Amino acid sequence: MSTAARILTAIRLHARRHALWMEQKFAHGRTSPDQGLAITAGEVSWILAEPLAAAAAFQDFLADPEIAALAGPIREAELALAADPVWHQLTTHFALSPAEQKLLALASAEALDPDFGRVIAYLNDDARQTKATPWLAARLADNPEPAAGLDSLRNWRLAVALEGHTPGLPATPYQLDAAVLSCILTGEWADPALDRIASLPDPGPEAAMPVIHPAALAAMTEPGRKPAFDLAGGEGSGRRVLATQFASATGRRLALVDAAALAAAPAPPDLAIACLRMARATGAILLIRHAESMPKLPVHLSEGVDIIRAVAPDAVTRPDALVLRLPPPDAAARTAIWRHHARTTPPPLIVTTQRLSPSEIALVAAAPTGVEAVRAALRRSAPPEGGVLSLLPCPYDWEDLILPPELRGQLQEFAAQIRLRWEVYEEWGFGRLAHLGAGIAALFAGPSGTGKTMAAQVLARALELDLYRVDLAGVVNKYIGETEKRLRDVFAFGERAGAMLFFDEADALFGSRTEVKDSHDRFANIEIDYLLQRIERFDGIAILATNRKSDLDTAFLRRLRFVVDFVPPGPAERLAIWRLALPTATPAGEPLAEAIDWHMLADRITLTGADIKAAALSAAFLARAEGNRIAMRHVLAAVQRELGKRGQTMRLRPAEVTST
């Protein structure tokens, strides 16, 4: 028999007996047969009679053989309902008194069988009163007076007083809550008021995940510890997985609450109580996400509920809770997460080189194969800060970057440190030397056009990372404190997205501190001090580019892992750049250039790599406009144009070209 059937059976038997009692009163003129439309003298006399006389009359009624025959079925129905698992959990989890149980059963019967409302009206001796009341619940339980205290029933809102009626009065009508009705009908707690706010998810997927925070889980499962934890970490850091694994280890369920959605909904305090009630009804541990937005919970209700809060790394924590800060997973944990999602497929480079969160690794594993698909998945998980960061294309590889061997070696060493940093920090234990931040930052210094931006693009492509240019005009703000806030957002994005940050013209932001002469100097120095601290604590990868190295604060240079000085290319590099920038054939194989004196261009004309590329492009357009192949005269004309930008001229002599 279902819980609903047991409730209806018990209440109908009680109602049948009470109806017979009312019929006897009708027969003796002690109540009105037309339910309150007329009041008889006999009814008034009965109401004003001595309580003992009324009680004696009721006992005589119970002694009647026909009525006494109902005592056994009523007792059996009561025992069956008390033993029902769903009803037992409801009444014990909320510590309902016998009077509260009777009122809840009566309200349940009316909700389960709408026709029963007419029976309630009959028993109330009032055709308008079709809802359960404390007075009627007491009468059905053979109590002459309704119970004065219904605190638990009302506080948990298992049944609520109808609007316009004062709770606690004997004649106040009560309506069964929809979540309680759902529990009675299905055996599962489902509260429509908490749709998109709270849920009881299947713990299987999270419980099966590898344990990536073993120390935190061990602290949570320590014998005798009360489950009151604040899990501090970023979005996707594994707080839900850890809470689920703790609940599974203790044989309990986890109920999820989105406090941000709750705060945005109507009547947040009522919904907060509904969340506590869900946890109480199911015996679940409550995990509150975005806990900073959660309204203050009633102490008298929350004391009996085990609560885990998922908070941001810098959020205020509870003084009575065990605070567990969840760091990004190490390389071994990232690999374990990847294997859990992707089985035997080897992890991409970004999983081993960057501190991706567990949720980001899951996104990467779900993405189609290929570097670009992986990067696109990460962009969706961590969108850049609006207006401050712009994604740079990375079309170049090492073959496109023409640099002196020593300079190329420094860049390759920089790439190797990025690729191997977690092996050195974690496997070899050198992380103790980078306790403030495990990031790697480099300065690319040198004149314009010497390949600083291109080198950053090559590195990002080789490491399979996105490259974001930081718009310094969007970062620096005249309002006090706004620049630091934007910088904090930029660095946080670099750490969260597993991307490479590129600060072009970095001297505008990382300049030297000045002597304080006015408030502007003081606040400018505060910004630089903040930058010094933040770049030291940075966990990501950053490249600073400048053509005015001497303008940088020397304190920044000490905090940079690499300082790479880019110099204009020499003759050998210029020759390689010219040959790379000016192809002699089209992609289809047709001849494109003729009679090009490569060595003269490289030896006699001092240009940067950017100048050479611009000149090659201009020469191509000049030749195309004439309908001819690219000749030396086209190249020299384009070179003259580039030199003119710098205020230089080129004089042609037989067999040589000089620039002045």
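Coordinate-derived values only; no laboratory data. Fair warning: this is a prediction, and the values are worked out from it, not measured in the lab. Here Cβ is always computed from backbone atoms with ideal geometry, including for glycine, and neighbour counts include all displayed protein chains.
Amide H to amide H distances under 5 Å link Val311 with Leu231, Ala232, Gly233, where only residues 5 or more positions off or on other chains count and H is placed in the peptide plane.
The mean sequence separation of alpha-carbon pairs under 8 Å and at least six residues apart, normalised by the residue count of segment 192-325, gives a relative contact order of 33 percent. In the chain, a dipole from Cβ-located charges (positive for Lys and Arg, negative for Asp and Glu) runs towards its positive end, and of Ala610, Leu256, Ala367 it is Ala610 whose Cα lies farthest in that direction. Taking amide hydrogens as placed 1.01 Å from N in the peptide plane, the amide H of Asp306 sits under 5 Å from those of Leu286, each at least 5 positions away in sequence or on another chain.
Along the axis of the charge dipole computed for the chain (Cβ charges of +1 for Lys and Arg, -1 for Asp and Glu, origin at the Cα centre), the listed residues Ala274, Ala232, Pro358 are led at the positive end by Pro358. Within the straight-line cut-off of under 19 Å between alpha carbons, the aspartates and glutamates reachable from Lys645 are Asp611, sequence neighbours fewer than 8 places apart in one chain being disregarded. Can you figure out the FRET efficiency of Glu399 with Ala332, using R₀ = 30 Å and their beta-carbon distance, to the nearest 0.05? According to the calculation, E is roughly 0.30. When the charge dipole of the chain is built from unit charges on Cβ atoms (+1 for Lys and Arg, -1 for Asp and Glu) and taken about the Cα centre, the candidate among Leu401, Thr91, Thr345 whose Cα reaches farthest toward its positive end is Leu401.
Taking the DSSP bridge list for the chain and keeping only pairs wholly inside it, about 30 percent are antiparallel. Phi angles of segment 413-419 translate, via the Karplus equation with coefficients 6.51, -1.76, 1.60 and θ = phi - 60°, into HN-Hα couplings of 5, 4, 5, 5, 5, 5, 5 Hz per residue; Gly and Pro are given as x.
Shown here for segment 281-335: trypsin sites (Lys or Arg not before Pro) in loop regions (DSSP other than H, G, I, E, B) with at most 15 other Cβ atoms within 10 Å, namely Lys296. The amide H of Leu443, built 1.01 Å from its N in the peptide plane, has Leu544, Phe562, Val563, Val564 as neighbours under 5 Å, considering only residues 5 or more places off or on other chains. List the longest stretch of the chain that has no exposed loop site; here a site is one of the chymotrypsin sites (Phe, Trp or Tyr not before Pro) assigned by DSSP to anything other than H, G, I, E or B, with at most 11 other Cβ within 10 Å. The reported range is 1-427.
Cross-link reach is defined here as a Cα-Cα straight distance under 17 Å, omitting same-chain residues fewer than 8 places apart; for Lys226 the aspartates and glutamates meeting it are Glu303, Asp306, Asp320. Provide, for q = 0.14 Å⁻¹, the log10 of I(q)/I(0) from a solvent-free Debye sum over equal Cα point scatterers in segment 192-325. With one equal scatterer per Cα and no solvent, log10 I(q)/I(0) is -0.57. In this structure, Ala473 and Trp428 have a Cβ-Cβ separation that, at R0 = 56 Å, corresponds to a calculated FRET efficiency of about 0.85. Where in segment 175-250 are there GluC sites (Glu not before Pro) that are in a DSSP coil and have at most 12 other Cβ atoms within 10 angstrom of their Cβ? Passing both the DSSP loop test and the Cβ count: Glu188. Shown here: segment 297-424, whose C-alpha atoms stretch 72, 36, 33 Å along the first, second and third principal axes, sorted largest to smallest.
Each peptide among 354-362, 96-104 gets the average number of other Cβ atoms lying within 10 Å of its residues, and from highest to lowest they stand as 354-362, 96-104. Counting neighbouring beta carbons within 10 Å and listing from fewest to most, the residues Met1, Met22, Met600, Met220 come out as Met1, Met600, Met22, Met220. Summary value for the chain: 8 percent relative contact order, contacts being C-alpha pairs under 8 angstrom separated by 6+ residues. So what does the Cα-only Debye profile of segment 571-659 read at q = 0.17, 0.18 Å⁻¹, as log10 I(q)/I(0), no solvent term? Log10 I(q)/I(0), no solvent term: -0.66, -0.74.
Charged neighbours of Arg309, selected by a Cβ distance under 15 Å, balance to 0 (K, R count +1; D, E count -1). Dipole magnitude for segment 331-381: about 60 debye, using +1 per Lys or Arg Cβ and -1 per Asp or Glu Cβ, origin at the Cα centre.
Counting only DSSP beta bridges with both residues in segment 390-565, the antiparallel share comes to about 20 percent. How big is the dipole moment of the chain about its Cα centre under a simple scheme where the beta carbon of each Lys and Arg is +1, that of each Asp and Glu is -1, and everything else is neutral? Debye, nearest 20, please. I would put it at about 1840 debye.
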